[in-house]
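Following: one structure in structure tokens, then a few remarks.
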Amino acid sequence: MSNVKQVSVLAEETVKIEKPESQIKIMWDALKKNKAALFGLIVILILVFVAFFGDLIAPFSATETNMADAKQGMSIEHWFGTDMQGRDIFSRILSGTKYSLLIGIAAVAFSLVIGTVLGSVAGYFGGKIDAVIMRIMDIMLAIPSILLAITLMAAFGQGLDKAIVAIGVVSIPEFARIVRSSIMSAKENDYVAAAKVLGNSNARIIFRHILPNVVSSIVVRATLGISTAILDIAALGFLGLGVKPPTPEWGTMLGDAKSYIMSLPHMIIFPGIVISLAVLAFNLFGDGLRDALDPKSRS
Amino acid sequence: MAEKEVLLEVKNLTKHFVVERSFFGKPLSVLKAVDNVSFKIYKGEALGLVGESGCGKSTIGKMLVNLYTPTDGKIIYEGVELTALKQRQRREYCKDIQLIFQDPYSSLNPRMTIGDIIAEPIIVNKLLPRNEVENRVNYLLNCVGLANHQRNRYAHEFSGGQRQRVGIARALAVNPKLIVCDEPVSALDVSIQAQVLNLLDDLKEEFGLTYLFIAHGLNVVKHISDRVGVMYLGKIMELADKNELYENPLNPYTQALLSAIPSVDVENKTERIILEGDVPTPIDPPDGCRFCSRCFKRTEGCDKYETVLKDIGGGHYVACKLFEK
């Protein structure tokens, strides 16, 4: 024992207590080098800013009709033109950002929580529990997601909260599957066996020892999931099943515009561009995040 | 040895893994990892267990720490039959029997600092009030030769030997009585192996521990064990005091193993016994003596008569037809 103590004393003299390098800083350094991901991040930040302050910076009201200005093309006053009821499309897009973003993020959060719990339980315990959960997920996956969302909206009725739940439910199976497969490979590690031997409860092993080690793949999937959710909510809105009409939600704007597609193309072009941009931004950022979190591609 | 107190006894311990199942769940082929093994571990000793890869030695260790449930047989710890307990009660005994892992790279959670890794079992098992945990962690770190200021570092910042020390400290955190060392040094450099072995030896004295020391080479086990068991294909072939086993190996398999240890003594060179063939698969082990297909002292009937581990005097157990009267 004596020589062992000596070693530790020596080490103490030369090195002072050190803090580990933060994971986030390592990730940020990797992300900075990826131009596309950086572009995605900037667009996302702009969207978030607009979501908070869109109503304040919008030059016109998003919901008030003004028949005198109806059906105008692009002009200095109305950058993106006006719709059939004279509402400024630019203002409506700014104001609608919060709905698309809120629904996208909330729907992903909803399915992330439920999907993670289901996937963790299935992956960790395996056997019959796994079989039952995953067969239910398979059944949900067998129904086309937009069809399932439409069915749920038809059952729930229109509304922001109902749209969140409908889109959230639809993407549960994807999260459950990705979490399950990550957990199944992570639970083979010896530190999980060690945690068992040391008397940790199953819940603690899952949440403290396994999930933190698979969180990167879940975060990446969630970022990509937001873009899918934005598309889904736009699709529901287009079909007239999303949020209630005067609300300037992007998909609903597309839906309103469909009868004027030949006469007033700007009504469909600008919301379309914004939806594509938002989806692209989340996809690029998600891809960049995956590369940044993967130590093999970092080096 | 006989008057010593038995800490743990294993009786007819068996573990079968189902390799293949029919569509309706009926087992088609079964891997007999551990087959009908019995032995005792006395308080304060280090029992070595050696054997080739796949002979079932790690499986025994994992059954002792409740990572595997035995197919059959009994594990009796301090008079309590652990195998008869319900899972909830069984877990109470978990902290008494700890495991040190072979691979120091996968046995530490990469997302936790080593301080947290060592503190967690103390907190989870409510062994100490929260404010005393930190002192205890510092003490344990010192015991295994690490410095206090390293507690905020992550496992990947350490070398293999240091990681193994963290693993040892973690096992000690719950005040175990028996530690199963599952090839604790085979993933380390030779120079580090000796350090870790000496550390284990020191800790045994200091904490009054008992070891089941699993390894795949007789030379590593020789250093640390009091008694040594030799396993082959899920069975114990020979079990004796260390010196007795090394000087007077009786089972042909043990003789072959010992002859494989390289010798630096030119005068006293041992003749290397070369075994023929490969280890048979444990899915379909040979009838009779497990070793009969490769044994160089095979006689008539070895492949029919299943051998049993028998005491031939002085605590020397052998499973071989040659020593049965």
Do the conditions hold for B:ASN125, that is, is it within 9 Å of chain A (Cβ to nearest Cβ) and within 17 Å of A:ASN213 (Cα to Cα)? no
Criterion first (assigned to a helix (DSSP H, G or I), within 12 Å of chain A (Cβ to nearest Cβ) and of a type outside the set (A, V, I, L, M, F, W, C)) does B:ARG136 satisfy it? no
In region B:245-271, the residues that are within 17 Å of B:LEU49 (Cβ to Cβ) and touching a strand residue (DSSP E or B) at 6+ places or on another chain (Cβ under 9 Å): B:LEU245, B:TYR246, B:PRO249, B:ASN251, B:TYR253, B:THR254, B:LEU257
Flag for A:ALA186 being free of Cβ contacts under 8 Å to residues at least 24 places away in the same chain and closer than 30 Å to B:PRO184 by Cα: no
With within 19 Å of the chain's Cα centre (by Cα), surrounded by fewer than 22 Cβ atoms within 10 Å (Cβ to Cβ) and over 28 Å from B:LEU188 (Cβ atoms) as the only criterion, which of B:LYS26, B:LYS86, B:LYS40 stands out? B:LYS40
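Residue by residue, here is whether (1) among the aromatic types (Phe, Trp, Tyr); (2) assigned to a helix (DSSP H, G or I); (3) out of contact with any helix residue (DSSP H, G or I) (no Cβ under 8 Å at 6 or more places or on another chain) holds:
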{"site": "A:TYR99", "(1), (2), (3)": "yes, yes, no"}
{"site": "A:VAL108", "(1), (2), (3)": "no, yes, no"}
{"site": "A:THR116", "(1), (2), (3)": "no, yes, no"}
{"site": "A:ASP130", "(1), (2), (3)": "no, yes, no"}
{"site": "A:ARG135", "(1), (2), (3)": "no, yes, yes"}
{"site": "A:ASP138", "(1), (2), (3)": "no, yes, no"}
Got a sec? Which helices (runs of 4 or more DSSP H) wholly within region B:139-230 have at least 1 residues that are touching a residue at least 12 places away in the same chain (Cβ under 8 Å), within 14 Å of chain A (Cβ to nearest Cβ) and under 27 Å from A:ASN213 (Cβ atoms)? B:160-172, B:190-207
Condition (residue is closer than 30 Å to B:ARG21 by Cβ, part of a loop (DSSP other than H, G, I, E, B), out of contact with any Ser or Thr (no Cβ under 7 Å at 6 or more places or on another chain) and not acidic (Asp, Glu)) applied to region B:238-261: is it met by at least one residue? no
When region A:204-226 is checked residue by residue, the ones that are of a type in the set (A, V, I, L, M, F, W, C), in contact with a Ser or Thr (Cβ under 6 Å, 6 or more places away or on another chain) and closer than 15 Å to A:LEU112 by Cα are A:VAL214
Top-ranked residue of region B:8-23 - restricted to ones that are within 14 Å of B:LYS74 (Cα to Cα) and out of contact with any helix residue (DSSP H, G or I) (no Cβ under 8 Å at 6 or more places or on another chain), ranked as surrounded by the fewest Cβ atoms within 10 Å (Cβ to Cβ): B:ASN12
Conditions first: (1) touching a strand residue (DSSP E or B) at 6+ places or on another chain (Cβ under 9 Å); (2) modelled with pLDDT of 85 or more. B:GLY208 passes all but one, so which condition is the exception? (1)
Take the residues in region B:184-208 that are surrounded by 22 or more Cβ atoms within 10 Å (Cβ to Cβ) and not β-branched (Val, Ile, Thr); name whichever of them is nearest to the chain's Cα centre (by Cα). B:PRO184
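Condition check ((1) in a helix (DSSP H, G or I); (2) among the β-branched types (Val, Ile, Thr); (3) touching a residue at least 24 places away in the same chain (Cβ under 8 Å); (4) crowded, with 22+ Cβ neighbours inside 10 Å) across all residues:
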{"residue": "A:LEU211", "(1), (2), (3), (4)": "yes, no, yes, no"}
{"residue": "A:VAL215", "(1), (2), (3), (4)": "yes, yes, no, no"}
{"residue": "A:ILE226", "(1), (2), (3), (4)": "yes, yes, yes, yes"}
{"residue": "A:LYS244", "(1), (2), (3), (4)": "no, no, yes, no"}
{"residue": "A:PRO248", "(1), (2), (3), (4)": "no, no, yes, yes"}
{"residue": "A:ILE269", "(1), (2), (3), (4)": "yes, yes, no, no"}
{"residue": "A:LEU277", "(1), (2), (3), (4)": "yes, no, yes, no"}
{"residue": "A:ALA281", "(1), (2), (3), (4)": "yes, no, yes, yes"}
{"residue": "A:LEU289", "(1), (2), (3), (4)": "yes, no, yes, yes"}
Can you pull out the residues in region B:60-94 that are closer than 20 Å to B:VAL18 by Cβ and assigned to a strand (DSSP E or B)? B:ASP72, B:GLY73
Out of (1) of a type outside the set (Lys, Arg); (2) within 28 Å of B:SER58 (Cα to Cα); (3) part of a helix (DSSP H, G or I); (4) at the interface with chain A (Cβ under 10 Å from one of its Cβ atoms), what's the single condition that is false for B:SER107? (3)
Please pick out the residue among A:THR116, A:THR97 that is of a type in the set (Ser, Thr, Tyr) and more than 17 Å from A:GLY168 (Cβ to Cβ). A:THR97
Under the condition of being facing chain B (nearest Cβ under 7 Å) and part of a helix (DSSP H, G or I), which residue from region A:190-203 is nearest to the chain's Cα centre (by Cα)? A:TYR191
For region B:226-260, which residues satisfy the criterion of being in contact with a Gly (Cβ under 8 Å, 6 or more places away or on another chain) and hydrophobic (A, V, I, L, M, F, W, C)? B:VAL228, B:VAL230, B:MET231, B:LEU233, B:ILE236, B:LEU239, B:ALA240
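The values are calculated or read from the model by the stated rules, or taken from the named source; none is laboratory data. Source: prediction; values computed, not measured. Positions of Cβ are backbone-derived with ideal geometry, glycine not excepted, and every protein chain shown enters the neighbour counts.
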